[in-house]
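Take a look at the structure below.
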Amino acid sequence: MESRFLESLIAVVDYGSISGAARHQNLTPGAVAQRIQALEEEIGAKLIERSGRRAHATEAGVQVIKNARPILQAIRELPTLITNKSISGTIRIGAIGTAMTGLLPPILKELSVSCPDLDIYIELGESKSLYRQLMARELDCGFFVQPDFKLPKACERFILRQEPLVVLAPATLDERDPHAVLARQPFIRYDRNSWGGRLADAYLQRHEIAPHERFELDALDAIAVLVDRGLGVSLVPDWQQPWPAGIKVKKLPLPDVSVTRQIGLFWMRSSPWESVIQMMIASGRGG
(Lines give C-alpha, C1' and ligand atoms only; values in the text may rest on other atoms or scores of the structure.)
Protein backbone atom coordinates (compact mmCIF):
# COMPACT_ATOMS: atom_id res chain seq x y z
CA MET A 1 0.00 0.00 0.00
CA GLU A 2 1.40 3.39 -1.04
CA SER A 3 1.84 5.83 1.83
CA ARG A 4 1.31 8.67 -0.67
CA PHE A 5 -2.16 7.32 -1.40
CA LEU A 6 -2.99 7.38 2.32
CA GLU A 7 -1.76 10.97 2.47
CA SER A 8 -4.15 11.84 -0.37
CA LEU A 9 -7.04 10.18 1.44
CA ILE A 10 -6.32 12.20 4.60
CA ALA A 11 -5.95 15.40 2.58
CA VAL A 12 -9.37 14.89 0.94
CA VAL A 13 -11.02 14.60 4.37
CA ASP A 14 -8.99 17.43 5.95
CA TYR A 15 -9.70 19.85 3.10
CA GLY A 16 -13.23 18.64 2.41
CA SER A 17 -12.87 18.00 -1.32
CA ILE A 18 -10.83 16.33 -4.04
CA SER A 19 -9.87 19.72 -5.47
CA GLY A 20 -8.76 21.02 -2.07
CA ALA A 21 -6.56 17.98 -1.54
CA ALA A 22 -5.15 18.37 -5.05
CA ARG A 23 -4.13 21.99 -4.39
CA HIS A 24 -2.51 21.01 -1.11
CA GLN A 25 -0.54 18.15 -2.68
CA ASN A 26 0.28 19.95 -5.94
CA LEU A 27 -1.55 17.28 -7.93
CA THR A 28 -4.43 17.30 -10.38
CA PRO A 29 -7.89 16.37 -9.05
CA GLY A 30 -7.82 13.40 -11.39
CA ALA A 31 -4.59 12.11 -9.84
CA VAL A 32 -6.03 12.38 -6.32
CA ALA A 33 -9.23 10.61 -7.41
CA GLN A 34 -7.16 7.79 -8.95
CA ARG A 35 -5.25 7.36 -5.68
CA ILE A 36 -8.48 7.12 -3.70
CA GLN A 37 -9.88 4.60 -6.19
CA ALA A 38 -6.72 2.49 -5.93
CA LEU A 39 -6.97 2.47 -2.14
CA GLU A 40 -10.63 1.49 -2.26
CA GLU A 41 -9.86 -1.40 -4.61
CA GLU A 42 -6.98 -2.59 -2.42
CA ILE A 43 -8.95 -2.36 0.85
CA GLY A 44 -12.21 -3.58 -0.68
CA ALA A 45 -14.41 -0.83 0.71
CA LYS A 46 -15.65 2.61 -0.27
CA LEU A 47 -13.64 5.23 1.65
CA ILE A 48 -14.99 8.55 0.33
CA GLU A 49 -18.49 9.77 -0.43
CA ARG A 50 -19.14 12.90 -2.49
CA SER A 51 -21.95 15.41 -2.19
CA GLY A 52 -21.56 17.97 -4.95
CA ARG A 53 -18.03 19.32 -4.71
CA ARG A 54 -17.66 18.26 -1.08
CA ALA A 55 -16.26 14.93 0.07
CA HIS A 56 -16.30 13.16 3.42
CA ALA A 57 -15.10 9.83 4.78
CA THR A 58 -17.34 6.79 4.99
CA GLU A 59 -17.33 4.72 8.16
CA ALA A 60 -14.61 2.55 6.62
CA GLY A 61 -12.70 5.65 5.58
CA VAL A 62 -12.79 7.02 9.13
CA GLN A 63 -11.25 3.82 10.44
CA VAL A 64 -8.55 3.76 7.77
CA ILE A 65 -7.61 7.38 8.46
CA LYS A 66 -7.58 6.82 12.22
CA ASN A 67 -5.00 4.07 11.79
CA ALA A 68 -3.11 5.74 8.93
CA ARG A 69 -2.17 8.96 10.76
CA PRO A 70 0.25 7.35 13.28
CA ILE A 71 1.66 5.13 10.54
CA LEU A 72 2.46 8.10 8.31
CA GLN A 73 3.93 10.01 11.26
CA ALA A 74 6.20 7.05 12.01
CA ILE A 75 7.31 6.95 8.36
CA ARG A 76 8.20 10.67 8.49
CA GLU A 77 10.29 10.08 11.61
CA LEU A 78 12.14 7.03 10.21
CA PRO A 79 15.21 8.93 8.93
CA THR A 80 15.88 10.29 12.42
CA LEU A 81 15.33 6.91 14.06
CA ILE A 82 17.50 4.97 11.60
CA THR A 83 20.47 7.35 11.65
CA ASN A 84 20.15 7.91 15.40
CA LYS A 85 20.51 11.65 14.84
CA SER A 86 18.65 14.36 16.72
CA ILE A 87 15.94 16.38 15.04
CA SER A 88 17.39 18.92 12.62
CA GLY A 89 16.25 21.37 10.00
CA THR A 90 14.52 24.75 10.26
CA ILE A 91 11.12 25.13 11.87
CA ARG A 92 9.21 28.37 11.21
CA ILE A 93 7.27 29.59 14.23
CA GLY A 94 4.90 32.56 14.30
CA ALA A 95 4.22 34.48 17.52
CA ILE A 96 2.31 37.53 18.66
CA GLY A 97 4.29 40.01 20.76
CA THR A 98 2.98 39.01 24.19
CA ALA A 99 3.49 35.30 23.45
CA MET A 100 7.05 36.04 22.31
CA THR A 101 7.99 37.81 25.54
CA GLY A 102 5.93 35.81 28.04
CA LEU A 103 5.02 32.33 26.81
CA LEU A 104 7.73 31.43 24.32
CA PRO A 105 11.11 31.99 26.09
CA PRO A 106 10.90 28.97 28.45
CA ILE A 107 9.58 26.83 25.59
CA LEU A 108 12.48 27.85 23.34
CA LYS A 109 14.97 27.26 26.14
CA GLU A 110 13.74 23.70 26.66
CA LEU A 111 13.59 23.09 22.91
CA SER A 112 17.20 24.23 22.46
CA VAL A 113 18.27 21.60 25.00
CA SER A 114 16.07 18.80 23.61
CA CYS A 115 16.85 19.55 19.94
CA PRO A 116 20.29 21.19 19.76
CA ASP A 117 20.54 20.65 15.98
CA LEU A 118 17.20 22.33 15.28
CA ASP A 119 17.23 25.79 13.70
CA ILE A 120 14.32 28.02 14.71
CA TYR A 121 13.00 30.95 12.66
CA ILE A 122 10.52 33.18 14.48
CA GLU A 123 8.06 35.46 12.68
CA LEU A 124 6.55 38.18 14.87
CA GLY A 125 3.14 39.52 13.85
CA GLU A 126 -0.51 39.94 14.73
CA SER A 127 -2.80 36.92 15.04
CA LYS A 128 -4.69 37.60 11.81
CA SER A 129 -1.58 37.72 9.62
CA LEU A 130 0.07 34.77 11.36
CA TYR A 131 -3.05 32.68 10.80
CA ARG A 132 -3.01 33.52 7.07
CA GLN A 133 0.67 32.54 6.86
CA LEU A 134 -0.04 29.25 8.61
CA MET A 135 -2.88 28.45 6.19
CA ALA A 136 -0.54 29.24 3.29
CA ARG A 137 2.07 26.86 4.77
CA GLU A 138 4.49 29.77 5.14
CA LEU A 139 4.72 28.92 8.85
CA ASP A 140 4.95 25.50 10.47
CA CYS A 141 3.10 26.57 13.61
CA GLY A 142 2.09 29.72 15.45
CA PHE A 143 1.37 31.09 18.91
CA PHE A 144 -1.56 33.47 18.56
CA VAL A 145 -5.10 34.33 19.65
CA GLN A 146 -7.95 31.87 19.13
CA PRO A 147 -10.11 33.42 16.36
CA ASP A 148 -13.84 34.03 16.69
CA PHE A 149 -14.62 31.71 13.76
CA LYS A 150 -14.50 27.95 13.29
CA LEU A 151 -11.09 26.64 12.28
CA PRO A 152 -10.81 24.45 9.17
CA LYS A 153 -10.54 20.72 9.81
CA ALA A 154 -6.94 20.73 8.62
CA CYS A 155 -5.89 23.09 11.41
CA GLU A 156 -5.05 21.76 14.87
CA ARG A 157 -4.70 23.85 18.01
CA PHE A 158 -3.93 23.55 21.70
CA ILE A 159 -4.91 26.38 24.07
CA LEU A 160 -2.06 27.21 26.44
CA ARG A 161 -3.31 30.32 28.21
CA GLN A 162 -6.63 31.96 29.16
CA GLU A 163 -6.45 35.73 29.73
CA PRO A 164 -9.48 37.46 31.29
CA LEU A 165 -10.23 41.04 30.26
CA VAL A 166 -9.36 43.73 32.83
CA VAL A 167 -9.72 47.49 32.99
CA LEU A 168 -6.29 49.08 32.99
CA ALA A 169 -6.25 52.41 34.86
CA PRO A 170 -3.66 54.85 36.26
CA ALA A 171 -2.52 53.90 39.76
CA THR A 172 -3.74 57.29 41.06
CA LEU A 173 -7.36 56.76 39.94
CA ASP A 174 -9.68 56.31 42.95
CA GLU A 175 -12.75 54.97 41.10
CA ARG A 176 -13.19 51.22 41.68
CA ASP A 177 -16.24 50.36 39.54
CA PRO A 178 -14.76 49.03 36.26
CA HIS A 179 -17.85 49.84 34.17
CA ALA A 180 -18.04 53.37 35.58
CA VAL A 181 -14.33 53.87 34.84
CA LEU A 182 -14.85 52.77 31.23
CA ALA A 183 -17.85 55.08 30.79
CA ARG A 184 -16.38 58.20 32.43
CA GLN A 185 -12.66 58.22 31.70
CA PRO A 186 -10.88 58.93 28.38
CA PHE A 187 -10.57 55.58 26.60
CA ILE A 188 -7.56 53.99 24.90
CA ARG A 189 -9.02 51.31 22.65
CA TYR A 190 -7.36 47.99 21.89
CA ASP A 191 -7.51 47.91 18.07
CA ARG A 192 -10.83 46.50 16.85
CA ASN A 193 -9.10 45.01 13.80
CA SER A 194 -7.14 42.65 16.06
CA TRP A 195 -8.71 39.45 17.36
CA GLY A 196 -8.08 40.45 20.97
CA GLY A 197 -9.49 43.91 20.29
CA ARG A 198 -12.69 42.34 18.95
CA LEU A 199 -13.22 40.66 22.33
CA ALA A 200 -12.89 43.99 24.15
CA ASP A 201 -15.27 45.67 21.71
CA ALA A 202 -17.81 42.84 22.10
CA TYR A 203 -17.69 43.26 25.87
CA LEU A 204 -18.37 46.99 25.62
CA GLN A 205 -21.31 46.40 23.29
CA ARG A 206 -22.77 43.61 25.42
CA HIS A 207 -22.80 45.87 28.48
CA GLU A 208 -23.85 48.97 26.50
CA ILE A 209 -20.79 50.97 27.48
CA ALA A 210 -19.96 53.84 25.12
CA PRO A 211 -16.52 55.11 26.17
CA HIS A 212 -15.05 58.52 25.32
CA GLU A 213 -12.47 57.25 22.84
CA ARG A 214 -9.13 59.02 22.59
CA PHE A 215 -6.70 56.57 20.99
CA GLU A 216 -6.85 53.20 19.22
CA LEU A 217 -3.82 50.96 18.72
CA ASP A 218 -2.74 47.32 18.54
CA ALA A 219 0.19 47.31 20.98
CA LEU A 220 -0.55 46.21 24.53
CA ASP A 221 2.77 47.41 25.95
CA ALA A 222 2.20 50.84 24.42
CA ILE A 223 -1.36 50.95 25.80
CA ALA A 224 0.02 50.24 29.29
CA VAL A 225 2.52 53.09 28.94
CA LEU A 226 -0.19 55.52 27.81
CA VAL A 227 -2.35 54.54 30.78
CA ASP A 228 0.61 55.06 33.11
CA ARG A 229 1.05 58.57 31.69
CA GLY A 230 -2.53 59.40 32.60
CA LEU A 231 -3.84 59.58 29.04
CA GLY A 232 -6.80 57.34 29.69
CA VAL A 233 -7.98 53.86 30.67
CA SER A 234 -8.26 50.71 28.57
CA LEU A 235 -9.96 47.32 28.34
CA VAL A 236 -7.32 44.67 27.63
CA PRO A 237 -6.51 41.01 28.30
CA ASP A 238 -4.44 40.38 31.41
CA TRP A 239 -1.44 39.31 29.38
CA GLN A 240 1.53 37.36 30.64
CA GLN A 241 4.52 39.15 32.13
CA PRO A 242 6.87 40.85 31.50
CA TRP A 243 5.07 44.20 31.35
CA PRO A 244 6.85 47.48 30.57
CA ALA A 245 9.29 48.32 33.36
CA GLY A 246 8.57 51.19 35.73
CA ILE A 247 4.88 51.71 34.93
CA LYS A 248 2.34 52.26 37.71
CA VAL A 249 -1.11 51.03 36.70
CA LYS A 250 -3.92 49.15 38.37
CA LYS A 251 -6.00 46.28 37.03
CA LEU A 252 -9.71 46.35 37.79
CA PRO A 253 -11.40 42.94 37.36
CA LEU A 254 -14.68 42.86 35.48
CA PRO A 255 -17.99 41.60 36.90
CA ASP A 256 -18.47 39.53 33.74
CA VAL A 257 -15.54 37.11 33.43
CA SER A 258 -17.00 35.03 30.59
CA VAL A 259 -14.89 36.79 27.92
CA THR A 260 -11.24 35.72 27.77
CA ARG A 261 -8.46 35.96 25.23
CA GLN A 262 -7.21 32.45 24.50
CA ILE A 263 -3.61 32.01 23.39
CA GLY A 264 -2.85 28.73 21.68
CA LEU A 265 -0.37 26.88 19.53
CA PHE A 266 -1.78 26.28 16.04
CA TRP A 267 -0.46 23.93 13.34
CA MET A 268 -1.62 21.96 10.31
CA ARG A 269 -2.50 18.28 10.44
CA SER A 270 0.11 15.79 9.24
CA SER A 271 2.86 18.29 10.00
CA PRO A 272 6.39 16.86 9.69
CA TRP A 273 7.14 18.79 12.90
CA GLU A 274 4.52 16.97 14.98
CA SER A 275 7.05 15.68 17.51
CA VAL A 276 8.56 19.15 18.00
CA ILE A 277 5.09 20.69 18.33
CA GLN A 278 4.18 18.16 21.02
CA MET A 279 7.38 19.05 22.86
CA MET A 280 6.40 22.72 22.78
CA ILE A 281 2.90 21.93 24.07
CA ALA A 282 4.31 19.85 26.93
CA SER A 283 6.71 22.65 27.83
CA GLY A 284 4.02 25.32 27.59
CA ARG A 285 1.65 23.35 29.81
CA GLY A 286 4.38 22.89 32.37
CA GLY A 287 4.93 26.66 32.46
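The values are calculated or read from the model by the stated rules, or taken from the named source; none is laboratory data. Nothing here was measured: the structure is a model prediction, and the numbers come from that model. All Cβ positions, glycine included, derive from the backbone under ideal geometry; neighbour counts span all protein chains shown. The protein model used for the area step is the full one, side chains on, heavy atoms only, and it has no ligands, DNA or RNA in it. Shrake-Rupley method; radii C 1.70, N 1.55, O 1.52, S 1.80 Å.
Annotations for the structure displayed:
- Flag if S51 is over 24 Å from V13 (Cα atoms) and open to solvent by 50 Å² or more (accessible area, probe 1.4 Å): no
- Candidate set from region 225-242 (those that are open to solvent by 10 Å² or more (accessible area, probe 1.4 Å) and within 22 Å of the chain's Cα centre (by Cα)); member that is nearest to L173 (Cα to Cα): D238
- Only a single item in (1) under 24 Å from the mean Cα position of the chain (by Cα); (2) open to solvent by less than 40 Å² (accessible area, probe 1.4 Å); (3) β-branched (V, I, T) is not met by V257, and it is number (2).
- In region 139-181, the residues that are of a type in the set (G, A, S) and open to solvent by 10 Å² or more (accessible area, probe 1.4 Å): A171, A180
- The test for being open to solvent by 20 Å² or more (accessible area, probe 1.4 Å), farther than 20 Å from M280 by Cα and modelled with pLDDT under 90 holds for T83.
- In this structure, I247 qualifies as β-branched (V, I, T), without any contact (Cβ under 8 Å) to a residue 24 or more places away in the chain and surrounded by 16 or more Cβ atoms within 10 Å (Cβ to Cβ).
- Test result for R92, at pLDDT 85 or above, within 30 Å of the chain's Cα centre (by Cα) and not in a helix (DSSP H, G or I): yes
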